[in-house]
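Derivation of every value follows stated rules applied to the coordinates shown; laboratory data play no part. Note that the coordinates shown come from a computational prediction; the quantities given were computed from them, not determined experimentally. Backbone-built Cβ (ideal geometry, glycine too); neighbour counts: all protein chains shown.
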Amino acid sequence: MTVDKPHVIVVGAGIVGASIAWHLAAKHGHNVKVTIVAPDVGGTATPNSFAWLNANFNNARPYFDVRHRSMARWHELIKEVPGLLELARWNGNVQWQQDEEQLDFCIKQHASWGYKAEKISNEEVLKREPWLADTCLPSSGWVASLPEEGSIEPALAAKKMIEHAATAFGATLRQETVDRLLVRDDKVVGVVTSSGNITADHVVLAAGLGTVKLAATLGIDVPVNSRPGLIVHSKPVSTRLLNGLAISNGPHMRQTVQGRIIAGRHYSGGNPTTDPAAEADIFFKKVQAMFRSNLDSTPLPSLELDFYTVGIRPDPKDGLPILGDCGKKGLALAVMHSGVTLAAFVGQTLAELVATGTKDKALDQFSLSRFNKD
Ligand SMILES: Cc1cc2nc3c(=O)[nH]c(=O)nc-3n(C[C@H](O)[C@H](O)[C@H](O)COP(=O)(O)OP(=O)(O)OC[C@H]3O[C@@H](n4cnc5c(N)ncnc54)[C@H](O)[C@@H]3O)c2cc1C
């Protein structure tokens, strides 16, 4: 007699849901059957992200450790999923977003935690990023160099993970919206979509802001702010204008694998104004001014605004991810900002938790129950 494997539904196909589903199918497929349910593939916040993979600044040590660990897992993951290697870049970051004192503290603190972080001179920056205008560099004459950091094209990465989970490991994709969760005897036993019920032994809500709504239908409060951010995207440029990330006290910029310069203010915008199109135009001029007009008599290629995005970050109220149990049997949550950086860690540890019941100790700090403590 064959016994059916436990069935896990992952709701959401952004970078977080894709990574959880991939890890479930690829690493635990002998134990579980996986279905991904989402109306799209690639996510909602995910395609509008700046997608910087990093563990620096404003960190408590335990959170730093998890982000750093996730960066290490990304290095492995991009070799395990076909097509991901081409979407990732690890060319480091030059950063002068903060004032000198903050930057100095950030470098010392992170270096003492084993993260590569050092001061480099403006001259050194221009050797690494020769297209940057020297006028945009700080008057202090130095910036922070964080050579471990990188980026990935997140929506494409999510698509590749889901494709691989399906073709190589038998995961099923259902392009449908979940209307509500199916509950029996106080346990979540599946989801309800417009085409009917899909039953399961476990449901993982990795639906970004959608998680908040779906959890609320069971009376579960997931305290998340929705924080918008504007990103401008240039038309693709065939010249490599940026090797790594440039996190200035003005624009934060990187060049995508398609050659676009993408940029935001403070990672990717604070709250955009009521006229984001006008704001994008003005901001893009600042981005253009970050580059010199020519390099060794080669003129700067035409840098034109192609489009802008306003993405909404699913940002838990204390800034830390909400992961794992939520007090309801059969249901796990995965909602966070910095989800691009964290997806590799979250995919690995949540898949293990759901498929085997083994809880990585690092997950303890991220439980929903922390919000119920005084
Ligand atoms: C402007 C901006 C800049 C950012 N910069 C960075 C950065 O530099 N580095 C970094 O690490 N992070 C960054 N982030 C954060 C990061 O992008 C997010 O944390 C991450 O994309 C969240 O991914 P997700 O898969 O959880 O959610 P999403 O990408 O929002 O995906 C949610 C998925 O759930 C599905 N869904 C929702 N409701 C339902 C439902 N009822 N039924 C079925 N499916 C449903 C959606 O269709 C979608 O597939 C940024 C975000 C923004 C907006």
Across the stretch 367-372, in residue order, what do the Karplus-derived ³J(HN,Hα) couplings come to in whole Hz, using 6.51 cos²θ - 1.76 cosθ + 1.60 with θ = phi - 60° and x for Gly and Pro? 6, 4, 5, 4, 6, 8
Between Ala72 and Thr167, with labels modelled 7 Å along Cα→Cβ, what's the label distance in nm to one decimal, could you check? 3.1 nm
With a 10 Å cut-off between alpha carbons and a GNM built on the chain, which of Trp90, Trp113, Trp22 moves the most? Trp113
Candidates Glu76, Glu118, Glu101; GNM for the chain (alpha-carbon contacts under 10 Å) flags as most fluctuating Glu101
Between Thr298 and Asp281, what is 0.36 nm times their sequence separation minus the Cα-Cα distance? Round to one decimal in nm. 3.6 nm
Among Val8, Val192, Val34, what is the fewest-to-most ranking by other Cβ atoms within 10 Å? Val192, Val8, Val34
Phi to ³J(HN,Hα) by Karplus 6.51 cos²θ - 1.76 cosθ + 1.60 over the stretch 250-259, Hz, x for Gly, Pro: x, x, 9, 9, 8, 10, 6, 5, 7, x
Using only Cα atoms, locate the centre of the stretch 45-81 and the centre of the stretch 272-289, then give the distance between them in Å, rounded to an integer. 28 Å
Exposure proxy check: Ser112, Ser70, Ser226 ranked by fewest other beta carbons within 10 Å? Ser112, Ser226, Ser70
Share antiparallel - DSSP beta bridges, the chain, percent rounded to 5: 70 percent
Among the aspartates and glutamates, select those whose C-alpha is under 19 Å from the C-alpha of Lys119, and discard any that sit fewer than 8 residues away in the same chain. Asp99, Glu100, Glu101, Asp104, Glu129, Asp134, Glu148, Glu149
Tally Lys and Arg at +1 and Asp and Glu at -1 over the other residues with C-beta under 13 Å from the C-beta of Trp113: what net charge comes out? +3
Go through 321-331, 280-290, 43-53 and give me the packing order, highest mean Cβ count within 10 Å leading. 43-53, 321-331, 280-290
Order of 177-190, 294-307 by packing, highest average Cβ count within 10 Å first? 177-190, 294-307
Rounded to the nearest 500, the 222 nm mean residue ellipticity computed for the chain from DSSP H runs (n ≥ 4, each -39500 (n - 2.57)) alone is -9500 deg cm²/dmol
For the chain, averaging the sequence separation of alpha carbon pairs under 8 Å that lie six or more residues apart and dividing by its residue count, the contact order in percent is 25 percent
So what is the relative contact order of the stretch 1-76, in percent, for Cα pairs below 8 Å that sit 6 or more residues apart? 28 percent
Order of 234-240, 144-150 by packing, highest average Cβ count within 10 Å first? 144-150, 234-240
Mean separation of Cα contacts under 8 Å (6+ apart) over length of the stretch 154-304, as relative contact order %: 14 percent
Candidates Ala207, Ala26, Ala343: whichever shows maximal mean-square fluctuation once the chain is modelled as a Gaussian network with Cα springs under 10 Å: Ala26
Cross-link candidates for Lys285: which lysines have Cα within less than 19 Å, leaving aside residues fewer than 8 places away along the same chain? Lys235
